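The values are calculated or read from the model by the stated rules, or taken from the named source; none is laboratory data. Keep in mind that what you see is a predicted model, and the values were worked out from it rather than measured. Glycine gets a Cβ as well: all are built from the backbone with ideal geometry, and neighbour counts include every protein chain shown. For accessibility, only protein heavy atoms count, side chains too; no ligands or nucleic acids. Shrake-Rupley method; radii C 1.70, N 1.55, O 1.52, S 1.80 Å.
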Amino acid sequence: SGPYLFGPESAARLGREASRIAASLGGALLVTTSARTSASSADALASALTVPSYVFKWTKASAENPFLAFLALAERIIVTGDSISMLAEACATGKPVMLFDIDEGEQSMRAEESRGPAQTIRPIHWRGQNLETTAFRLLMRFAPTRWSRDLRIVHRDVVAAGLASWLGEDPKPRQPRQQADLARAVARIHELFGL
């Protein structure tokens, strides 16, 4: 997704880390891929799992995706940091959410977090894992800010708000929150449509 590539190496690392956590808790894994997950990455993820698991590999022919059911059944949730919608849906459950950093080193999703003012994030590193991710990173770095879609801003904010933690850090226990924004959104829709 954009400047990040969830390739087979990242997928295998996710499988190992998720298995380690599940094993330490005496648990199992419910895993689903998405429309952007390549077949090679899905295979690498499934092959790296060492605990009891159910893996749903999404395809265009799939009639349904059990993602929402998995969210309902999970005690803890691990999401890759490349999908803000997936992250939002996981955070809305009120359960502990852990973000998986797809890249490592200079390409890491959190390697360039600011050490200074809370609103400042260092420019993304220019080099990606391949030509496409590098081109996206160069555009993010040198194009006007309004053209950028920097996922790191969302990552920083959800972690700071206690809605998620990075995989490998202790997940923050959470209480389900009232969806205060729902009432505001419904009121605004009624206002816009004169209802």
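A few notes on this one:
- Annotation: amide H of residue 166 within the under-5 Å range of 99, sequence separation 5 or more or interchain, hydrogens built in the peptide plane.
- Rounded to the nearest 10 square angstrom, residue 159 shows an accessible area of 30 square angstrom against a 1.4 Å probe.
- Gyration tensor (alpha-carbon) shape descriptor, the stretch 1-118, a/c threshold 1.5: rounded
- Per-selection metrics, the stretch 1-50 (Cα): Rg and Dmax in Å: 11.2, 36
- The heavy atoms of residue 167 present about 10 square angstrom of accessible area, all protein chains included, probe 1.4 Å.
- By average C-beta atoms within 10 angstrom, highest first, the peptides 181-188, 12-19: 12-19, 181-188
- Accessible area (Å², 1.4 Å probe, nearest 10) - residue 58: 80 Å²
- Using 0.36 nm per residue and subtracting the Cα-Cα separation, the extra length available between residue 154 and residue 92 on full extension is 20.9 nm.
- Mean separation of Cα contacts under 8 Å (6+ apart) over length of the stretch 1-57, as relative contact order %: 48 percent
- Heavy-atom accessible area order for 43, 101, largest first, 1.4 Å probe: 43, 101
- Amide proton proximity set for residue 53, modelled H, under 5 Å, gap of 5+: 29
- In the context of the full set of protein chains, the stretch 2-97 has a per residue accessible area of 51 Å² (1.4 Å probe).
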